[in-house]
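The values are calculated or read from the model by the stated rules, or taken from the named source; none is laboratory data. Everything numeric in this text was worked out from a predicted model, so none of it was measured. Positions of Cβ are generated from backbone atoms using ideal geometry, with glycine treated the same way; all protein chains shown enter the neighbour counts. Areas reflect the complete protein model, heavy atoms only, side chains present, ligands, DNA and RNA absent. Shrake-Rupley method; radii C 1.70, N 1.55, O 1.52, S 1.80 Å.
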Number of protein chains: 2
Amino acid sequence: MGIVVQKYGGSSVATVEKITNIAKRVIERKEAGDSMIVVVSAMGKTTDGLISLAKSISDKPNKRELDALIATGEMVSSSLLSMAINNMGHDAISLNAYQISIQTDGTYGKSLIQNIEDRVLNKYIDQGKIIIVAGFQGISDDNEITTLGRGGSDTTAVAIAAKMEGVCEIYTDVDGIYTVDPRIFSDAKKLDEISYEEMVELSSLGAKVMHSRSVELAQKYNIPIYVGESCSDKKGTYIREVNKMENKPITGIAVSDADVSITLEDINYDINMLSDIFESIANKKINIDMISQTAPSNGKVSLSFTIPEDEIDECINILGGFAEEKNITVDRDITKFSVVGIGMKTTSGVASKIFRLFKENNIQVKMITTSEIKITCAIKREDKGEAVNVIAREFNL
Amino acid sequence: MGIVVQKYGGSSVATVEKITNIAKRVIERKEAGDSMIVVVSAMGKTTDGLISLAKSISDKPNKRELDALIATGEMVSSSLLSMAINNMGHDAISLNAYQISIQTDGTYGKSLIQNIEDRVLNKYIDQGKIIIVAGFQGISDDNEITTLGRGGSDTTAVAIAAKMEGVCEIYTDVDGIYTVDPRIFSDAKKLDEISYEEMVELSSLGAKVMHSRSVELAQKYNIPIYVGESCSDKKGTYIREVNKMENKPITGIAVSDADVSITLEDINYDINMLSDIFESIANKKINIDMISQTAPSNGKVSLSFTIPEDEIDECINILGGFAEEKNITVDRDITKFSVVGIGMKTTSGVASKIFRLFKENNIQVKMITTSEIKITCAIKREDKGEAVNVIAREFNL
């Protein structure tokens, strides 16, 4: 019997009734002999509520203060879950980021975890206490509250499992990982297991089940993650090292409407300028995803890339230093459509098959990027449903 | 130009509009040259909301977790006020109890402040920042969140003013200290000043304007407190050392319905038992207020005392160890009626005048306690209004 780190998402702790149910399940597990550490997200839509409160004060809330504000959501849910367990006669203790010293790099809104103290955790484990940790947050070297970005509680759970050498279980409102989001493609199949690599790609490409950073972290420390539905006994999906002789070419499809594309036209072809542009954007911690650049013509090139929609204003500001306003265009009508599969490494012709299907179905491809295990296309939003349908059926997802 | 510590209560930060107004006033004061430290309570009824959330999980929520839960209310309001000031182009920073190390004795729900670090406060004052402090809370030696009890943000403000040698201003929804609560006696007069001693008595006797511990603390460090209405230019009341040749016999009246009386009848007269009873109650941090004991007769005495109504169950539990159930009676129908005035020290006959007026008006007195500057009677709740009226008119309050 070892250490089990469970994480419950916002919808799983949205009401007092749900919190009470989780308390029961945690106690059962503890009574079966496991040492329990439970990471919780904020209740239901709490984080959204706090953000809109901040936005009602300022269009661009101070980032330090926004982090201090939204971190309270997980403090509330962790105290309540601990209360519920105590009320059932078991010994639980809620701990926040200060108390277990979840040290981060100090970036507001998307901090990386640098270290977690195991002293306090071990102390309470040794005392037989059930530990409830406020997810999503950490403390910088200067004692500042910094949050880990949306879905950061997954990362909290994996980091604690890595540090404490425990198993990691992520409980959510879906019962596992599907080949395609079932809300988009109702015939999607649930996977028994998926490799870290594939899950990282699917997560970062828009599949909402897991925070991609948490999967990368799990891969780094080789921590298997079980993803299942809260308070259900349905079998979920394991994310872990998958060593099969043969793989299907495609494991899953991810789609995302969260990005926009920016194109800089007719900029002078200068290798320094390109790196300057991307460095300036990176300095603001804006994640660029797809990048494509035309071949130089008359010393000029056009450059397109995608960024998260909510970073658009900041990005345009930065680009103002590199190109004239008339040469910067923004396309908000894109959906990122990605197919992911380790099998692509060994199966040729996947890309050509996809492009042929797109052509036959009149789906226009605006941008393309590929890696060893994925192909991503930017397409029009209105084509999303059809693209998913066509590809999922073809590859039997 | 020195350090100004302002405190804004829950109703003063209840909405985004109110927070924005306070931000403007704080900035004006800062621009006039003062170094500003602002302590805030939780927004509106937030604390009550969190407590009822806890109560929906457990009738008797774990005290540690309850403190961790309700402390989030002030973290929210302090971040929002800092955001609002930043949004107006001024430099503000919110700080919680961990960040400025507000050290307490570790008692959950009613902690005493032991010390406040001035290093962090001085650092940000030197940088010209407006500091916003989450009131009502501190950290124990074990890094546990502990709250200071209802109204504790007043104490936070006074303690910071004492440490930083600043002036202290408490802003609330009333425009100063009145001789009697104007909701009970509409002709009550506002005081320009009141002594610490009188304010301590009035606060602890039920006047809701100030937390009595905060006034004691101010007296100890000789910090004058200004009490005024948020966002109003009406003149408020100073609480400070008052050195007048002559004082009116009575400065104010306080009434409180928050207490109940407990009577133990026919207990064996034994000096050890009395101290054992009060020690057991004190160990549970239950504050006993009025105490009266009959003279021994046949080796038996009766003992009455008042306690806060919400402590009644715990208190009855303790008393079960000392007396039979049939000998313990609880009277919930009491109002504590107190008159307070430094002038009583030098004016005789105040008590006799009050009792004569009560008799003439058929107001039954159930218990009496007195000190040098106050007389407190327990009366029936239904007599409250008349008692206030009769005494306030007689003493021209």
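Could you figure out which of (1) in contact (Cβ under 8 Å) with a residue 12 or more places away in the chain; (2) not in a helix (DSSP H, G or I) isn't true of B:A295?
Of (1) in contact (Cβ under 8 Å) with a residue 12 or more places away in the chain; (2) not in a helix (DSSP H, G or I), only one is false for B:A295: (1).
For the range B:300-349, give me the residue count where each residue is among the small types (G, A, S) and under 30 Å from B:V180 (Cα atoms).
The total comes to 6.
Within the range B:239-254, does at least one residue satisfy the condition of being among the small types (G, A, S) and surrounded by fewer than 17 Cβ atoms within 10 Å (Cβ to Cβ)?
no
Mind listing whichever residues of the range B:358-380 are surrounded by fewer than 17 Cβ atoms within 10 Å (Cβ to Cβ) and in a helix (DSSP H, G or I)?
Within the range B:358-380, B:K359, B:E360 meet the criteria.
Residue-by-condition table, conditions (1) at pLDDT 80 or above; (2) in a loop (DSSP other than H, G, I, E, B):
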| site | (1), (2) |
| --- | --- |
| A:G228 | yes, no |
| A:S232 | yes, yes |
| A:N243 | no, yes |
| A:I253 | yes, no |
| A:L264 | yes, no |
| A:M273 | no, no |
| A:K285 | yes, yes |
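Kindly list the number of the only condition in (1) closer than 20 Å to B:G166 by Cα; (2) in contact (Cβ under 8 Å) with a residue 60 or more places away in the chain that fails for B:E216.
All conditions are met except number (2).
For the range B:12-120, please list each of the helices (runs of 4 or more DSSP H) lying entirely inside it that holds at least 1 residues being within 12 Å of chain A (Cβ to nearest Cβ), modelled with pLDDT of 95 or more and touching a Pro at 6+ places or on another chain (Cβ under 6 Å).
B:46-57, B:72-87
Among the residues of the range A:133-140, is there at least one that is at positive phi and open to solvent by 50 Å² or more (accessible area, probe 1.4 Å)?
Looking for residues that are at positive phi and open to solvent by 50 Å² or more (accessible area, probe 1.4 Å), one finds none in the range A:133-140, hence no.
Between A:I281, A:I277, which is in a helix (DSSP H, G or I) and under 21 Å from the mean Cα position of the chain (by Cα)?
A:I281
Among the polar types (S, T, N, Q), in contact with a Gly (Cβ under 8 Å, 6 or more places away or on another chain) and assigned by TED's automatic domain parsing to the domain that holds B:K24: which single residue out of B:Q99, B:Q103 fits that description?
B:Q103
Hey, could you check the range B:167-184 for residues that are open to solvent by 10 Å² or more (accessible area, probe 1.4 Å) and in a loop (DSSP other than H, G, I, E, B) and say which is farthest from B:A392 (Cα to Cα)?
Residue satisfying both the conditions and the ranking: B:D173.
Pull out all pairs, ordered by first then second residue, where Cβ-Cβ is under 8 Å, the residues are six or more apart or on different chains, the first lies in the range B:32-46 and is on the phi > 0 side of the Ramachandran plot, and the second is open to solvent by 30 Å² or more (accessible area, probe 1.4 Å).
Matching pairs, first to second residue: B:G33/B:M1; B:G44/B:S11; B:G44/B:A14; B:G44/B:T15.
Going through the range B:316-342 one residue at a time, which ones are closer than 14 Å to B:A378 by Cβ and buried (at least 19 other Cβ atoms within 10 Å of the Cβ)?
Once the filter is applied, which keeps residues that are closer than 14 Å to B:A378 by Cβ and buried (at least 19 other Cβ atoms within 10 Å of the Cβ), the range B:316-342 yields B:I334, B:T335, B:K336, B:F337, B:S338, B:V339.
Which pairs have Cβ atoms under 6 Å, sit 6 or more apart or on different chains, and link a residue in the range B:345-362 that is among the acidic types (D, E) to one that is loosely packed, with under 12 Cβ neighbours inside 10 Å?
No pair meets every condition.
So if I check each of B:S94, B:S101, which one is on the phi > 0 side of the Ramachandran plot and small (G, A, S)?
The conditions single out B:S101.
Aliphatic (A, V, I, L, M), part of a strand (DSSP E or B) and either in the same structural domain as B:M43 (by TED's automatic domain parsing) or in contact (Cβ under 8 Å) with a residue 24 or more places away in the chain (or both): is that true of B:V133 in this structure?
yes
Out of all the residues in the range B:321-344, which are closer than 22 Å to B:V390 by Cα and not in a loop (DSSP other than H, G, I, E, B)?
Initial filter on the range B:321-344 (closer than 22 Å to B:V390 by Cα): B:333-344.
Passing the criteria: B:T335, B:K336, B:F337, B:S338, B:V339, B:V340, B:I342, B:G343, B:M344.
Select, from A:N143, A:N122, A:N87, A:N115, the only residue that is in the same structural domain as A:L50 (by TED's automatic domain parsing), in contact with a Phe, Trp or Tyr (Cβ under 8 Å, 6 or more places away or on another chain) and open to solvent by 10 Å² or more (accessible area, probe 1.4 Å). Walk me through it before giving the result.
Values: A:N122 fails: in contact with a Phe, Trp or Tyr (Cβ under 8 Å, 6 or more places away or on another chain); A:N87 fails: in contact with a Phe, Trp or Tyr (Cβ under 8 Å, 6 or more places away or on another chain); A:N115 fails: in contact with a Phe, Trp or Tyr (Cβ under 8 Å, 6 or more places away or on another chain).
So the residue among A:N143, A:N122, A:N87, A:N115 that is in the same structural domain as A:L50 (by TED's automatic domain parsing), in contact with a Phe, Trp or Tyr (Cβ under 8 Å, 6 or more places away or on another chain) and open to solvent by 10 Å² or more (accessible area, probe 1.4 Å) is A:N143.
Only residues that are at negative phi and open to solvent by 60 Å² or more (accessible area, probe 1.4 Å): list them for the range B:290-315, please.
Result: B:I291, B:Q293, B:T294, B:A295, B:P296, B:S297, B:K300, B:E309, B:D310, B:D313.
Quick check on B:I354: is it modelled with pLDDT of 85 or more, open to solvent by less than 20 Å² (accessible area, probe 1.4 Å) and of a type in the set (A, V, I, L, M, F, W, C)?
yes
I'm checking my understanding of the structure. Among residues of the range A:257-289 that are in contact with a helix residue (DSSP H, G or I) (Cβ under 9 Å, 6 or more places away or on another chain) and open to solvent by less than 20 Å² (accessible area, probe 1.4 Å), which one is nearest to A:S111 (Cα to Cα)?
The selected residue is A:I286.
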